[in-house]
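Below is one structure, written out as structure tokens; comments come after it.
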Amino acid sequence: MVCLTQEFINVEFDFTAPSEIDYQALKRLFQQLFYTHAPTMDLGVVADYVVNLSQNHGIGTVVKVDDMEQVRDPYAVISALTFGEKGVPAADLLRTYLTTQLARSAKGKPLLDLINSASGSKPLVLLLHERMINLPAQVMPPLLRMLHEEYEEGRQEATPPAAEPTHLLVFSRGFSADALEEDADQEPTGL
């Protein structure tokens with residue numbers, strides 16, 4: 001006879017602003033998000049953008065385990081990147097990535113047109129989010145609410161107030177059976 005007992009571990013999560021100490025962990029989370037294309041992208045630029053946006057504008061959150069004894073890496077991140085601003089390396093990198101991938105398929109044309117039409121007066125917000133697979137999905141709704149509040153507050157405090165975004169673009173990994181097939185002539189899209 002086997003007797004199994006259940007053990008519960010209470011874990012307290014801290015929702016904090018991304019900081020410089022989180023840079024490497026953020027970079028790894030974004031490598032996980034962009035999966036097959038991560039080796040060809042400088043995701044350090046995106047991690048740096050998230051840290052700077054948090055430090056300078058109060059936008060963005062990471063989820064860490066509360067541990068007084070040592071610094072822990074984030075288990076999740078949420079932030080926003082605005083397409084339409086000029087001279088932002090992270091926006092340029094991700095815009096190029098998305099437009100390159102979307103141009104490969106006729107189905108991507110409406111989204112491609114939307115991204116290409118983003119401007120300072122008609123910004124498009126890209127939601128940057130990723131979490132470790134074993135982190136409960138229940139942390140996402142509070143993160144989304146917090147990000148919305150931070151973004152709106154930052155937009156209103158800008159001088160002059162920033163234009164209201166026309167769309168929110170949510171990028172997420174998705175897999176299909178044909179994406180797993182190996183074809184020597186074609187690079188996997190990962191989309």
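The values are calculated or read from the model by the stated rules, or taken from the named source; none is laboratory data. Treat the numbers as computed from the prediction; the structure is a model and nothing was measured. Cβ: placed from backbone, ideal geometry, glycine included. Neighbour counts: every protein chain shown. With ligands, DNA and RNA removed, areas are computed over all heavy atoms of the protein, side chains included. Shrake-Rupley method; radii C 1.70, N 1.55, O 1.52, S 1.80 Å.
Points to keep in mind about this one:
- The heavy atoms of residue 66 offer some 60 square angstrom of accessible surface to a 1.4 angstrom probe.
- Seen through its C-alpha gyration tensor, with square-root eigenvalues sorted a ≥ b ≥ c, the stretch 52-166 comes out oblate because a/c lies at 1.5 or above while a/b is not bigger than b/c.
- Modelled spin labels at residue 148 and residue 173, positioned 7 Å past Cα toward Cβ, are 2.7 nm from each other.
- Computed magnitude of the charge dipole of the chain (debye, nearest 20; Cβ of K, R +1, Cβ of D, E -1): 580
- Positive-pole candidate from 132, 81, 9, dipole of the chain, charges at beta carbon: 81
- Here the extension length gained between residue 55 and residue 134 equals 25.7 nm, from 0.36 nm per residue of separation less the Cα-Cα distance.
- Modelled FRET efficiency - R0 35 Å, residue 10 with residue 36, Cβ distances, 0.05 increments: 0.40
- For the stretch 102-108, 3J(HN,Hα) per residue [Karplus equation, 6.51 cos²θ - 1.76 cosθ + 1.60, θ = phi - 60°, Hz, x = Gly/Pro]: 5, 5, 6, 9, 5, 5, x
- Under 20 Å from the Cα of residue 27 - lysines, other chains or at least 8 residues apart: 64
- Calculated [θ] (222 nm, deg cm²/dmol) that DSSP helices of n ≥ 4 give over the chain, each run adding -39,500 (n - 2.57): -11500 deg cm²/dmol
- Relative to the current alpha-carbon distance between residue 65 and residue 122, full extension at 0.36 nm per residue lengthens the span by 16.7 nm.
- Simple spin-label estimate for residue 164 and residue 104 gives 3.6 nm between the two label positions (7 Å along the Cα-to-Cβ direction from each Cα).
- Separation of alpha-carbon centers, the stretch 98-170 and the stretch 9-41, rounded to whole Å: 18
- Beta bridges by DSSP in the chain, antiparallel share as percent, to the nearest 5: 75
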